[in-house]
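Input: a single structure, listed below in structure tokens.
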Amino acid sequence: MRVAWEYYVNNRDQGEIAKYWGVSRPTVSRMLSKARELGIVQISIKSRLLSILPVEHALRKSFGLKWVGVVPATERREIAIDAMARLAASYLDAHLAQYTIIGVGWGSTISHVKQFISRDVKTRPGARFVEMLGSFSSEGSHLQAYRVALALGETYGVPVSLLNVPAMTSDVEARNQFLREPQIAEVLELGRRAEFALVSVGSADHESTMYRLGYIHEGHLEELVRKHAVGDMLARYFDINGNPVGGSLDDHIISLSLDDLRRIPNVMTMALGENKVEALIGGIRSNIITHLVTDEPTAVRLLRRAGFNSSPSDRASEGLGENEAKGDRK
């Protein structure tokens, strides 16, 4: 009890306590563990954000994800996106040194990540970012903001392999000609060798970026509906079970395929909104998405689709949140 008091209440470190009591530091550590086992010490965390921890845990368990980050609900979409971007950036900062090749897609949501990454992160020797999807436009500076790989490479101070070709060609032969170019083939092959990738998930409806930019039209959407498409990654469309359904569109796209993405061991996506729920489910079922950043309302919708009748955040007040919050002081 006295050791626990000195450590938790008086904030003395274990070395000081060990010296004072004339015992070893490991003995102090064992005594603190015993104090928790006996209930002498009970640790709890109180925060207005505590409800999201059970949601993150449930998403990992329900969908078999490696890592999940959930931000609190907010009525302003731009605030939620910035919060998600901060979370994704903190993950990149902490883990970037593990990877040599980092693949990156295009996207309005993931483009926010570059604002929050650190310039002081150490990277692995030979590290580089690689674009995995061609360009959406040679005009319009606002679209260049979606070119995430270039911004990340400049901030982290590592080289970037750019895929300087259209994301979608007007005819099949033009696409095949680009693919025969050694420089283009080299960048795509680098992307296939990525150990980590950051990609967007798009919907297969009128709200999709591909439709709003004019790259797919009503005829394409009708075809995607017939094929039961729910979303895309790198302009490669899939159904609710993660099966490719690109059809004729695939013959015009210059990007990694869904099979290529599936071979990358760590793939992070950021997405929120009701129209992205089925796309996220399909992306997860495809065994491509391993890391997910989203907001609480989207997470709750995902869990309900997975069979949860109420969200874990609702049940936090009934004990789940308290159990998840228990832990050791570091």
Would you list the helices (runs of 4 or more DSSP H) that sit entirely within the stretch 90-180 and hold 3 or more residues that are more than 22 Å from Thr209 (Cβ to Cβ) and over 19 Å from the mean Cα position of the chain (by Cα)?
172-180
Might you let me know whether the stretch 20-27 holds any residue that is in a helix (DSSP H, G or I), surrounded by 11 or more Cβ atoms within 10 Å (Cβ to Cβ) and either in contact (Cβ under 8 Å) with a residue 40 or more places away in the chain or touching a Leu at 6+ places or on another chain (Cβ under 9 Å) (or both)?
no
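Read-outs: derived from the displayed coordinates by stated rules, not from any lab. The structure presented is a predicted model; accordingly, all values stated were derived computationally and were not measured. No Cβ is skipped: glycine too gets one built from the backbone with ideal geometry, and neighbour counts run over all protein chains shown.
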